[in-house]
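To start, the structure under review is shown below, and the notes come after it.
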Amino acid sequence: MTRWLNEDEQQAWRAYLGATRLVFDQLDRELQRDAGMPHAYYEILVRLSEAPDRALRMSALADRSQSSRSRLSHAVSRLEENDWVRRESCPDDKRGQIARLTDAGFEALAAAAPGHVEGVRSHVFDPLTPEQVRQLHTINQTLLDALAQPADTTAVPG
């Protein structure tokens with residue numbers, strides 16, 4: 001039986017969906033305009049900048065950036081063209097690859113970050129009260145925790 005959304009849930013869902021799409025679209029446009037990179041590339045550079053030695057296995061980078069492996073591979077190829085990322089062989093696994101943030105990539109990220117942070121602040125946090133920021137965190141962390149739970153793989157008796 002379908003558990004349809006009630007009126008309040010429908011309004012909350014549509015507001016959430018609309019707001020997240022508009023925010024991500026706006027941030028993506030701003031990064032493209034100001035830094036010459038889409039938000040997805042910015043996210044990859046951030047993840048690499050936070051990693052030890054500014055390097056991650058491609059599989060771990062895909063997981064951390066919430067990207068499919070094929071989409072990530074394409075993005076890293078584009079980032080290599082800009083000399084922002086370099087692929088290396090994984091020393092302990094011949095089939096694995098490591099993505100490493102180059103100095104030029106770190107400089108591109110450092111140049112893009114102030115404008116991006118200002119966009120996040122102006123589009124997300126400035127319109128909210130401190131209490132709403134706390135609520136936003138609580139709600140989103142609850143959703144993240146629920147979605148991170150492993151799927152129920154219990155077999156249905158048959």
The residue that is surrounded by the fewest Cβ atoms within 10 Å (Cβ to Cβ), considering only those in region 70-100 that are of a type in the set (S, T, N, Q) and under 20 Å from A35 (Cβ atoms), is S77
Matching residues in region 101-125 (more than 23 Å from L27 (Cα to Cα) and either at pLDDT below 95 or buried (at least 16 other Cβ atoms within 10 Å of the Cβ) (or both)) number 1
Looking at region 58-65, is at least one residue charged (D, E, K, R), more than 22 Å from D25 (Cβ to Cβ) and either over 16 Å from the mean Cα position of the chain (by Cα) or at pLDDT 95 or above (or both)?
no
Over region 1-36, the set of residues surrounded by 12 or more Cβ atoms within 10 Å (Cβ to Cβ) and small (G, A, S) is A12, A19, A35, G36
Between a first residue in region 92-110 that is in a helix (DSSP H, G or I) and a second residue that is surrounded by 15 or more Cβ atoms within 10 Å (Cβ to Cβ) and β-branched (V, I, T), which pairs have beta carbons less than 8 Å apart while being 6 or more apart in sequence or on different chains?
G105/V85; L109/V46
Odd one out for S67, checked against (1) in contact with a strand residue (DSSP E or B) (Cβ under 9 Å, 6 or more places away or on another chain); (2) more than 16 Å from A113 (Cα to Cα); (3) surrounded by 14 or more Cβ atoms within 10 Å (Cβ to Cβ):
(1)
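The values are calculated or read from the model by the stated rules, or taken from the named source; none is laboratory data. None of these values were measured; they are calculated from a predicted model. Backbone-built Cβ (ideal geometry, glycine too); neighbour counts: all protein chains shown.
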